[in-house]
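What follows is a short report on a single structure.
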């Protein structure tokens with residue numbers, strides 16, 4: 001009953017079918033926009049009750065590392081795209097050889113899959129990245145430690161997300177033990193110089209196969225324990241010059257790497273030797289991204305609609321803002337789930353903040369799990385940030401962090 | 001494969017399930033908002049490929065005039081609501097007797113089902129309606145014709161929509177023949193005095209079972225051959241006093257009739273005996289309405305989210321505007337369907353107007369059929385109206401009505 005693969009009743013004749021590999025909240029929110037465009041997505045889902053599978057009528061339950069499963073969901077679709085970066089490159093190349101339209105192309109996508117490949121490529125095109133090195137031995141790690149004065153970050157080249165796959169050893173012994181253990185476990189590694197971070201920014205763009213590129217305003221993002229917890233659009237207090245450099249950098253990367261669909265360029269903002277704000281690339285994501293959720297309510301075209309338009313090679317949409325500032329605050333499962341049901345917590349938020357836009361992912365509680373986000377728009381950055389955080393916090397804890405009662 | 005009734009994988013534990021009777025575009029657009037709220041709707045659909053059924057994972061294919069079908073879809077749902085007004089009152093009363101939460105209640109809904117009942121009730125509460133009469137014979141019709149100086153409109157009491165079930169006989173012979181034929185066919189009738197229309201307005205509100213009421217700004221709506229083709233929000237050039245009277249009228253009706261969910265009060269604007277603008281109620285709809293589609297892009301809370309919030313007795317959302325003016329233009333199937341596929345027509349619209357929000361219903365072409373709408377926001381009413389109409393027209397005819405080439 002839950003595997004409805006190839007259900008012809010899920011699509012209207014003559015409209016494109018977008019196959020999405022992955023069943024998380026990004027696929028779910030693509031479905032929202034697909035519906036309004038008169039389409040619907042076809043899903044390769046890992047499980048029938050997953051976030052996106054709950055809301056789709058054409059689901060194939062399968063494994064994205066299995067080429068036959070990928071073939072089945074791709075068959076007859078106008079384009080295949082992703083809600084994560086974990087599909088093996090060789091499978092994508094095989095699909096393309098069979099005539100399947102895959103967007104983004106694996107040659108671009110590999111830069112969001114392999115952190116070392118990405119940094120080498122970005123250095124080639126002149127994009128700023130912190131000093132880095134491939135780590136294939138404890139000796140490599142030790143040499144890099146010395147070269148950067150001990151400010152080392154070790155990263156798994158593949159598979160990391162939300163703070164997973166990133167380590168900050170504090171001395172050389174810890175570094176050696178860590179690298180030895182990881183290499184023994186078969187984890188390909190790289191090292192990067194730790195940046196003296198002022199804050200994190202995110203520059204998001206969309207690019208279509210025809211080459212059109214549209215950029216959203218750069219936003220400030222806040223990470224807590226490696227997980228994005230807040231995005232503020234546009235980035236508060238950023239100079240026009242730095243904002244423009246950030247956007248142009250993302251546009252250049254999209255063009256040079258021939259990215260298609262939406263891409264997030266996560267940036268470090270730091271102070272250069274003269275004390276002036278500067279940027280370097282932290283990570284790339286080639287899909288809708290947590291730092292772009294604000295676009296659902298904060299501007300004319302959301303990242304989810306834009307991603308669909310881009311991979312289908314439609315003209316891209318306006319990103320004019322709906323209000324002066326929009327803040328996205330993530331809702332992460334707390335240590336325990338309050339007795340008050342989520343539906344009542346939503347009511348609590350709306351009673352106090354009728355303009356709060358609640359987006360939930362159809363996920364049950366687990367500590368630290370992303371289960372939704374709040375978008376709140378306003379005129380005043382500080383007040384809007386505070387209020388959005390209060391709302392997100394209330395959805396997690398069923399009480400107001402500022403002591404408000406009601 | 002298409003009847004997925006009761007699919008537990010379509011809903012996340014702990015979140016409310018909303019059963020929607022009907023499978024049209026209104027149910028489809030409710031699903032869009034339900035997804036973002038972390039819910040999903042359960043559908044009583046007439047056919048598996050219908051507009052809303054395409055995008056839902058919990059569908060029961062059945063008949064809304066069959067009580068057992070209604071029972072099956074209602075079972076376990078937190079609330080039952082509608083995308084049309086055609087469910088028999090006795091069935092709704094039966095469901096309620098069995099403990100089902102039906103919103104709006106049949107006592108309210110009957111006022112959107114029976115045009116005569118509605119007018120009597122509105123007259124009771126002091127709401128302005130044009131002169132009207134029950135028509136149970138040709139003699140009744142003739143008497144009413146005389147009483148209003150021949151300015152007669154005949155309406156089927158039930159089942160009319162989009163200009164169906166409304167007649168404008170031009171003389172008494174035509175009136176008599178019409179009424180005789182309709183009564184012989186068993187159509188319950190009423191007559192109403194034709195209003196010397198200046199324009200049509202629509203005042204939309206939402207009311208929750210707890211009694212909270214939120215009103216959107218009153219809009220101007222344009223009907224072509226009885227079908228809504230355009231809505232302009234807020235209504236251009238309306239005096240503050242008339243706008244306030246319109247909104248207060250809708251609020252009063254919602255309160256007095258104990259409406260729950262979204263209600264559209266379609267209004268006639270006409271000149272009173274002193275030449276001043278005045279209003280009278282034309283029709284009521286107790287569900288999201290064509291004249292409220294602009295809210296999807298023009299304000300913080302769309303009518304579809306608001307309807308879900310209202311029937312679930314959540315606090316209602318902010319209706320603050322995103323821009324100065326938003327125009328909704330309907331896309332109605334033309335006499336023939338152009339060879340250029342709809343996906344290419346969408347591309348054509350977006351090439352010229354990157355801010356056009358296209359909403360399609362997953363429906364195939366049929367002359368005059370509502371297959372979608374465009375929302376366009378801007379600063380200038382006249383320009384935005386012209387552009388929205390151009391976009392809608394292009395989606396129908398695959399050419400620009402103003403001669404633009406590109």
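Every number in this text was worked out from the coordinates using simple rules, so none of it is lab data. All figures in this text were calculated on a predicted structure; none of them were measured in a lab. Positions of Cβ are backbone-derived with ideal geometry, glycine not excepted, and every protein chain shown enters the neighbour counts.
Ordering A:245, A:158 from the fewest to the most neighbouring beta carbons within 10 Å gives A:158, A:245. Rg and Dmax of the range B:54-162, based on Cα coordinates, read 18.1, 56 Å. Across identical copies of the chain, residue A:243 has label-point separations of 3.0 nm, listed in ascending order, with the point defined 7 angstrom from Cα along Cα→Cβ. Once C-alpha pairs closer than 8 Å and six or more residues apart are averaged by separation and normalised to the residue number of the range B:162-272, the relative contact order reads 33 percent.
Peptides B:219-229, B:379-389, ordered by how many other C-beta atoms sit within 10 Å of their residues on average, highest first, read B:219-229, B:379-389. The two copies B and A are related by a rotation, and the chain B beta carbon nearest its axis, with distance in whole angstrom, is B:322, 2.
In chain B, the DSSP beta bridges split such that about 85 percent are antiparallel, to the nearest 5. Taking 14 Å as the cut-off, the amide N atoms of the range B:329-351 that come nearer than this to a point 7 Å along the Cα-to-beta-carbon line of residue B:404 belong to B:345-351. With coordinates expressed along the principal axes, the C-alpha atoms belonging to the range B:131-193 extend over 27, 22, 18 Å, beginning with the largest.
The ranking of A:218, B:129, B:405, B:214 by Cβ neighbour count inside 10 Å, starting from the fewest, reads B:405, B:129, B:214, A:218.
Annotation: the antiparallel percentage among DSSP beta bridges lying fully within the protein assembly as shown is about 80. The coefficient of translational diffusion for chain B, derived via Stokes-Einstein from the alpha carbon Kirkwood radius under 4 °C and 1.567 mPa s, stands at 59 µm²/s.
So in the range B:197-397, what percent of DSSP beta bridges are antiparallel if you round to the nearest 5? Approximately 100 percent, going by the DSSP bridge assignments. Taking every residue in A:45-53 and counting other chain Cβ atoms within 10 Å of its Cβ, the average works out to 3.
Could you work out the helix-only [θ] at 222 nm for chain A, with each DSSP H run of four or more residues adding -39,500 (n - 2.57) and the total divided by the number of residues, to the nearest 500 deg cm²/dmol? Calculated from helices alone, the mean residue ellipticity at 222 nm is -9500 deg cm²/dmol. Taking 37 °C and 0.692 mPa s as conditions, the range B:197-397 diffuses translationally at an estimated 189 µm²/s according to Stokes-Einstein applied to its Kirkwood radius (Cα pairs). Ranked by how many other Cβ atoms sit within 10 Å of their own Cβ, fewest first, the residues B:204, A:342 fall in the order A:342, B:204. Label-to-label distances for residue B:136 across copies, nearest first, come out at 9.7 nm, using points 7 Å from Cα in the beta-carbon direction. The reciprocal of the average 1/r between distinct C-alpha atoms defines the Kirkwood hydrodynamic radius, which for the range A:70-228 equals 17.9 Å. Ranked by the mean number of other Cβ atoms within 10 Å of their residues, highest first, the peptides A:50-59, B:171-180, B:322-331 come out as A:50-59, B:322-331, B:171-180. Label point of residue B:406 (7 Å along Cα→beta-carbon): distances to the other copies' equivalent points are 5.1 nm, sorted ascending.
Rg/Rh for the range B:190-280 (Cα atoms only, Rh after Kirkwood) is 0.98. One Cα centroid belongs to the range B:328-373, the other to the range B:232-285; the line between them spans 30 Å. Here the alpha carbons of the protein assembly as shown define both size measures, Rg and Dmax, at 28.5, 104 Å.
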